[in-house]
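The values are calculated or read from the model by the stated rules, or taken from the named source; none is laboratory data. Quantities reported herein were computed from a predicted structural model and do not represent experimental measurements. We place every Cβ from the backbone using ideal geometry, glycine too, and count neighbours over all the protein chains shown.
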Amino acid sequence: MDDIFRLNIEALKKKSRYLAQILEDLNTRDLESKNNNDDCSIVTLEKSKNGMPNFRVRKGEHTFFVHSTYDPQTEAVRWAERIDLKGFDTIAVLGIGCGYHIEELEKKYPDKNKIIIEPDRNVFLKLLNTRDITSLLLNENILFVVSEDTEEIGRIFLSLREEGQIDSVEFSELLSYRKVYEDWWLDLIRDYVKFARLHQININTSVFFAETWLTNLFEGMWQLTKSAHIKGYKSAFTNIPAIVVSAGPALNKNVHLLKDLYNKAIIISAGSSLNILESKGITPHIMVGVDGGEGESRIFNSVKSDEIYFAYTLSVHYDGLKNYKGPKIYFKTNVLDYEDWLDKEMGVEGAECLLSGSSVSNLSLDMARYMGCNPIIVIGQNLSYPNMEGYAEGAVLKQEQDRHIREHIEKQTKYYVLEKDIYGNDVYTTESMLSIRYYFEEYIRNYSDRLYLNGSEGGLPIKGMENKPLKEIIDRYCTEEYDIKEILDKKFEEVFEAEKVKDKESKIKNILENIHNQSSQIRKKAIKRVDLILDILNNIKDTHHDKWKEIDRLTDEIESCDLYKYFVEPISKYFIQAIKNERERKIDNISDMQEKLKYLYEGLLMQYTDVKEKIVLIDDLSKKIMEDIDKKEGVKCLSMP
């Protein structure tokens, strides 16, 4: 037994050292004598009628055999025969038992991904002591997950999807586990669906905004010369309250209470709430811009004060950023890889990324934490559409947004779903709104060193945020006086002076020149690669050895340069992965080999075309911005005496 355990545990260490260490520690204990309470299981090794090992499990009020007490092998074969993975690249299986069914599944589908979920670590431990399963443990297509935490398992699914390792998932389970774990299994599938929707929203956002992000990056890059880096504001407001203001209809109830808080809390306006605040005579300290659409510039082009600090990332729509005359703070996020590269080229060291989340309100929460604020209070955070309204009064986009919501809800579109608000009332919301709530909940769970309060007085509940009337929160937590504006101004002067404008201008010119040089070179290669795959598609029956060799060479040269690594690949990866997944799902339904090859090559053409378009756009944008800078500097020279 000990030899079998050692063999298995060494194999497991090669795939998951952390899990192997936990099980190795557990193995030093006498589990059957110690785990005798209702919360833990007792797993006993038994023999089936045909002599094969079997496990008898007592868990709470349930006692059951994991496999057939007569013939586990035949049972495993029949179980695998019923599995149909056409259209799926992955199967998630509840229950490992003695592993017989997984071995049969591997025989039937050697190329499919298999995620084996065992909620009872005592069962998995008993297996490691009973059978040599090293071939399963070392198999690159098999992942063992031993956990009772459905959200943790859901996050594993999300991570695998984001890395492109899995796409479409089928769920199945050992029959013996069905009764004991029925509710738990349903919870897990619901968590999977929640994470899958979050991933899909990320994909849709990346695909939809890819070209917009690139345009905003290059059009807005020169604004870095006029901005302080947020790095200088880390912990600048330690233990000072922050109020993150969103634009939901609940803001109508209590926005007036902010008028007397300018020196008692740092007021952070998230996106559309800016215009609402100014319409009520309230000036926030910071306005945050992230969204890349033209509507974002409409918000910031309407701002009245030039005393507000505009905190932005270069995904924000460039027009409003360029036009704003007040102080600006630049930050990078964990979403776009080129921001790290840009910091490096600008000589900025040790700057952390702010965590983007699903909306500007998620990011604003992280900004408040980064600056040291505590407690962090959110208001106007409905996450829903009460009375079919999207914004509070005074929002620039309110009229068109409310009309859009009413039209779709009245048509009973599936895009809108019903949820309970904090008062138990049904309200309409969307999957994207629910992803914002989920991100808040995950964030609070991971950064629990702060007090998070929800003073919205309406909307969906958020786990980890206590709901309290804003007046009550203010009376308890916003009583001290601080010269917040002076802190902002002093830090800005320190950081901005240290960053030397002329030096930054020179660096940005060099960055643009380097990007343009690279893009000009690989632009031709990207176009050539598309032409080659088109030639192959026009004569699918030939082998085209020379053309494929040329495509491989061009691909290596394109993908080895910084431009591809930091600008093209990060914003194209979701689209490329979606094309690959779609082709792999449908290829099994095509029997004719020529049609199969054509289908795969058409997928390559779509991927190569997408990359080519991004490179051409970068080449054109970098050239345009360099010309714009030269024109401005020429005008400056002409105006000098």
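Key figures
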quantity	calculated
Selected residue (only one of Ile558, Ile551, Ile536, Ile522 is more than 30 Å from Leu621 (Cα to Cα) and buried (at least 17 other Cβ atoms within 10 Å of the Cβ))	Ile536
Count of residues meeting criterion [within 29 Å of the chain's Cα centre (by Cα) and among the aliphatic types (A, V, I, L, M)] in the stretch 69-109	5
From the options Ser435, Ser456, residue that is surrounded by 19 or more Cβ atoms within 10 Å (Cβ to Cβ), of a type in the set (S, T, N, Q) and within 17 Å of the chain's Cα centre (by Cα)	Ser435
Qualifying helices (runs of 4 or more DSSP H) (wholly inside the stretch 105-190; at least 2 residues being free of Cβ contacts under 8 Å to residues at least 12 places away in the same chain)	150-162
Inter-residue pairs, beta-carbon under 6 Å, first of a type in the set (Asp, Glu) and in the stretch 365-394, second in a helix (DSSP H, G or I), 6+ apart	Glu389/Asp402; Glu393/Asn252
Of all residues making up the stretch 262-275, the number that are closer than 23 Å to Ser302 by Cβ and outside any strand (DSSP E or B)	6
Residue list for the stretch 363-402, filter: crowded, with 24+ Cβ neighbours inside 10 Å and under 22 Å from the mean Cα position of the chain (by Cα)	Leu363, Ser364, Leu365, Met367, Ala368, Val378, Gln381, Asn382, Leu383, Ser384
Within the stretch 504-519, considering residues that are polar (S, T, N, Q) and under 30 Å from Ile551 (Cβ atoms), the one surrounded by the most Cβ atoms within 10 Å (Cβ to Cβ)	Ser519
Where a residue in the stretch 51-67 is small (Gly, Ala, Ser) and its partner, wherever it lies, is surrounded by 14 or more Cβ atoms within 10 Å (Cβ to Cβ) and part of a strand (DSSP E or B), with Cβ under 9 Å and at least six apart	Gly60/Ser41
Check on Arg583, assigned to a helix (DSSP H, G or I) and free of Cβ contacts under 8 Å to residues at least 12 places away in the same chain	no
Residue count, the stretch 272-285 (criterion: under 21 Å from Lys332 (Cα atoms) and surrounded by fewer than 24 Cβ atoms within 10 Å (Cβ to Cβ))	1
Scope the stretch 297-320; condition charged (D, E, K, R) and touching a helix residue (DSSP H, G or I) at 6+ places or on another chain (Cβ under 6 Å); matching residues	Lys304, Asp319
Among (1) touching a helix residue (DSSP H, G or I) at 6+ places or on another chain (Cβ under 6 Å); (2) modelled with pLDDT of 95 or more - the single one Leu363 does not satisfy	(1)
Selection from the stretch 320-332 of residues that are without any contact (Cβ under 8 Å) to a residue 60 or more places away in the chain and over 18 Å from Ser359 (Cα atoms)	Gly320, Asn323, Tyr324, Lys325, Gly326
The stretch 206-247, residues that are modelled with pLDDT under 90 and surrounded by fewer than 18 Cβ atoms within 10 Å (Cβ to Cβ)	Val207, Phe208, Phe209, Glu211, Thr212
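Yes/no per residue for (1) more than 24 Å from Asp343 (Cα to Cα); (2) in contact with a Cys (Cβ under 8 Å, 6 or more places away or on another chain); (3) not in a helix (DSSP H, G or I):
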residue	(1), (2), (3)
Leu512	no, no, no
Ile515	no, no, no
Ile522	no, yes, no
Asp531	yes, no, no
Ile536	yes, no, no
Ile540	yes, no, yes
Trp548	yes, no, no
Arg553	yes, no, no
Ile558	no, no, no
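The rows are residues; the columns are (1) without any contact (Cβ under 8 Å) to a residue 60 or more places away in the chain; (2) more than 29 Å from Tyr599 (Cβ to Cβ).
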{"site": "Glu505", "(1), (2)": "no, yes"}
{"site": "Ile508", "(1), (2)": "no, yes"}
{"site": "Ser519", "(1), (2)": "no, yes"}
{"site": "Arg523", "(1), (2)": "no, no"}
{"site": "Ile540", "(1), (2)": "no, no"}
{"site": "Thr543", "(1), (2)": "yes, no"}
{"site": "Ile551", "(1), (2)": "yes, no"}
{"site": "Thr555", "(1), (2)": "yes, no"}
